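Q: Pasting in a structure now, in structure tokens, and then I'll have a few things to ask.
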Amino acid sequence: MLVRESNKDVAVKFNLNAENCPKHPSFYTETWVQADLARGETYFILEKDSEPIGCVAYESPSPGLAYLNRLSVLPAHRNKGAGARLVQHIVEHARSLSVQTISIGVIGEHTDLQRWYNKLGFKSGETKRFPYLPFSVKYMSYVLPGG
């Protein structure tokens, strides 16, 4: 629910639906989370007053590389530092595991989100188009000191 509800506004903004983008986080299910966990992905949940308000997933596909996935903050808790705290947690977690680079992929047309990640230290990389997605994907990376 946390991932799904946190991403609904993005689906609306970019006209995404179950037909044109069935894997968008706004359609996330418990089965998807279970598949992520079985694949070795780790979820971190941020709470306020014992209630979940945000989450982020972490995956390390190879030594030295990590993916920051599904950063999600409920709309009522945005613009208060929750997203930045979750990103910083992933940075510290990656650092503790000697990861050199954290990679993310965001909607290429979501320039506000890209600017936000830039402020957190992520650098823009290449933009790719995939035939199965109704948007481009902008890759961004965060290089940890020493990486």
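The values are calculated or read from the model by the stated rules, or taken from the named source; none is laboratory data. Model, not experiment: these values are computed from the prediction. Glycine also receives a Cβ, built like all others from the backbone with ideal geometry; neighbour counts cover every protein chain displayed.
Q: Given the condition charged (D, E, K, R) and either in contact with a helix residue (DSSP H, G or I) (Cβ under 9 Å, 6 or more places away or on another chain) or closer than 19 Å to P145 by Cα (or both), answer yes or no: does some residue in the range 24-40 qualify?
A: Looking for residues that are charged (D, E, K, R) and either in contact with a helix residue (DSSP H, G or I) (Cβ under 9 Å, 6 or more places away or on another chain) or closer than 19 Å to P145 by Cα (or both), one finds none in the range 24-40, hence no.
Q: A further question follows. Which of the residues spanning the range 1-19 are small (G, A, S), closer than 18 Å to F130 by Cβ and assigned to a helix (DSSP H, G or I)?
A: Of everything in the range 1-19, just one residue is small (G, A, S), closer than 18 Å to F130 by Cβ and assigned to a helix (DSSP H, G or I), namely A11.
Q: Condition first: hydrophobic (A, V, I, L, M, F, W, C), crowded, with 18+ Cβ neighbours inside 10 Å and under 27 Å from S98 (Cβ atoms). Now tell me which residues in the range 127-144 satisfy that.
A: Hit for the range 127-144 is M140, nothing else.
Q: Kindly indicate whether E126 is charged (D, E, K, R), at pLDDT 95 or above and either under 23 Å from K8 (Cα atoms) or part of a helix (DSSP H, G or I) (or both).
A: no
Q: Looking only at residues that are without any contact (Cβ under 8 Å) to a residue 60 or more places away in the chain and of a type in the set (V, I, T) in the range 95-118, which one is farthest from K128 (Cα to Cα)?
A: The qualifying residue farthest from K128 (Cα to Cα) is V99.
Q: Considering only strands (runs of 3 or more DSSP E) fully contained in the range 20-106, which possess at least 1 residues that are loosely packed, with under 15 Cβ neighbours inside 10 Å?
A: Answer list for the range 20-106: 42-48, 51-62.
Q: Pairs please, first residue from the range 82-94 and more than 19 Å from E51 (Cα to Cα), second anywhere and polar (S, T, N, Q), Cβ atoms under 9 Å, 6+ apart in sequence or on different chains.
A: Once the first residue is more than 19 Å from E51 (Cα to Cα) and sits in the range 82-94, its partners that are polar (S, T, N, Q) give H93/T42; A94/S60; A94/Q100; A94/T101.
Q: While we're here: Within the range 4-31, take every residue that is of a type in the set (F, W, Y) and under 15 Å from the mean Cα position of the chain (by Cα) and give me the one that is nearest to L65 (Cα to Cα).
A: Restricting to residues being of a type in the set (F, W, Y) and under 15 Å from the mean Cα position of the chain (by Cα), the top hit is Y28.
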